[in-house]
Each structure stands twice: as C-alpha cells, then as structure tokens.
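A short reminder: the numbers here are calculations on the coordinates, not readings from a lab. Quick caveat, the model's predicted, so the values are computed rather than measured. Neighbour counts run over all protein chains shown; Cβ positions are idealised from the backbone, glycine included.
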Amino acid sequence: MPSSTPYNQGMIFKNFKVPKKNLLQPTRGDGLTVGYHGLNRGRVAVCATGAAGMRLMLANMLPWAKFRKTYGEHIVKRELVRRRIGPDGGTHHRLRRAHRLVLVALG
C-alpha cells in the first residue's frame, strides 16, 4: 500500500571534496538557492497537485449536491451537507491562492 505522504531522506556529506572547476556560481542568492532549486519540482509539485485536486473536488461538490435528491429534496438543502460544504467554500478560495503561489514558485 502506498504511503499517504511523500518520503524524504536527507543526505549528509562529510569531507566530500569538490574540484574548484565544478563549483556552482549562483547568479543570485547563495548556495541554498542552488540546493533548494532541486526541491522545487518535487515538494512544490506535491502541494500543487493537492491544491488542484481539492479545487476539482470542491468544484464538483455543489453541482452534485444541487442535482442529487433524497426523500424528494435536493441534498444541498440538508443541514449536514450544508455544514460540510460551507467551510469548503473558504478552503476553495485559499486553495486557489495557494495554487497560484505554487505556480509562481515553479516559474
């Protein structure tokens, strides 16, 4: 069964010599800029995928609740459904902002 969270393993280099000609010269920032650049497509992509998936799910939730009927009434009128969808509306807005920030970070 796959893990529900990404697995990350750190790397530690002790006395690891790099020839001077192989050193990277970042155009801005410091060495961390180069190091974090390698993580951009991984961790940030996990966030973007999660935000996009939640947006899609929330976008489909209301039309379904307006369509589905039980006991002769659309379920969107039921208190429990409204209480569960309501907070997700605010979440939808926050996810849109998060998704945009992730896309900007990915460049």
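Here's how it looks for residue 68: its modeled amide H is under 5 Å from those of 75, which are all 5 or more places away or on a different chain. Using the average count of surrounding beta-carbon atoms within 10 Å as a protection proxy, the listed peptides 63-71, 49-57, 75-83, 15-23 rank, highest first, as 49-57, 75-83, 63-71, 15-23.
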